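Each value in this text was obtained by applying a stated rule to the coordinates, not by laboratory testing. Keep in mind the model is a prediction, meaning the values are calculated, not measured. With ideal geometry, Cβ positions are generated from the backbone for all residues, glycine too; neighbour counts draw on all protein chains shown.
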Amino acid sequence: MKRPAFVACSRPALEAAEYAKEQSKFDQFHLAIFKTYWEEGKNIGLTSILRDIAEKCGLDGDELEHRLNARRYTEKIEEQNEEARSLGINGVPAYIVGGYLVEGAQPYEIFQRAIRSKPF
């Protein structure tokens, strides 16, 4: 895992993942997105990169691009963001473990304590 020299706008990737989900390719696409950003250091906010990932996962790149340009999943992503905010989630990654919200990059011990339900 390498931290890229830039922070990608992940919104297009989130929308593309919704398309992959509809095509029953979410798990494969999700893994490919992470690999592309965290291992290859490519910008997952670019439609051209998302097309390449989609096609490697057996998805229709033209259809993905059409849906992204039409903003087909914008409302769904907004609903997901609103749900996260209503739960007090303000950043990523975020996990709800043992009734606790764990936000951001945290040491393993924090997750162990949450699983054991010990207050932080």
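Quick notes
- Residue within segment 92-104 that is surrounded by 11 or more Cβ atoms within 10 Å (Cβ to Cβ), in contact with a helix residue (DSSP H, G or I) (Cβ under 9 Å, 6 or more places away or on another chain) and charged (D, E, K, R) present: no
- Qualifying position, being more than 30 Å from Ala114 (Cβ to Cβ) and either surrounded by 13 or more Cβ atoms within 10 Å (Cβ to Cβ) or not β-branched (Val, Ile, Thr) (or both), among Ser10, Ser86, Ser48: Ser48
- Across segment 19-77, the qualifying residues are those that are out of contact with any Leu (no Cβ under 9 Å at 6 or more places or on another chain) and of a type in the set (Gly, Ala, Ser), and the one among them that is nearest to Pro4 (Cα to Cα) is Gly41.
- Unmet requirement for Ala105, which otherwise passes all of (1) in contact with a strand residue (DSSP E or B) (Cβ under 7 Å, 6 or more places away or on another chain); (2) part of a loop (DSSP other than H, G, I, E, B): (1)
- The listed residue being more than 15 Å from the chain's Cα centre (by Cα), under 18 Å from Cys9 (Cβ atoms), among the charged types (D, E, K, R) and part of a loop (DSSP other than H, G, I, E, B), out of Arg67, Arg72: Arg72
- Residue check for Ala54: in contact (Cβ under 8 Å) with a residue 12 or more places away in the chain and either surrounded by fewer than 13 Cβ atoms within 10 Å (Cβ to Cβ) or outside any loop (DSSP other than H, G, I, E, B) (or both): yes
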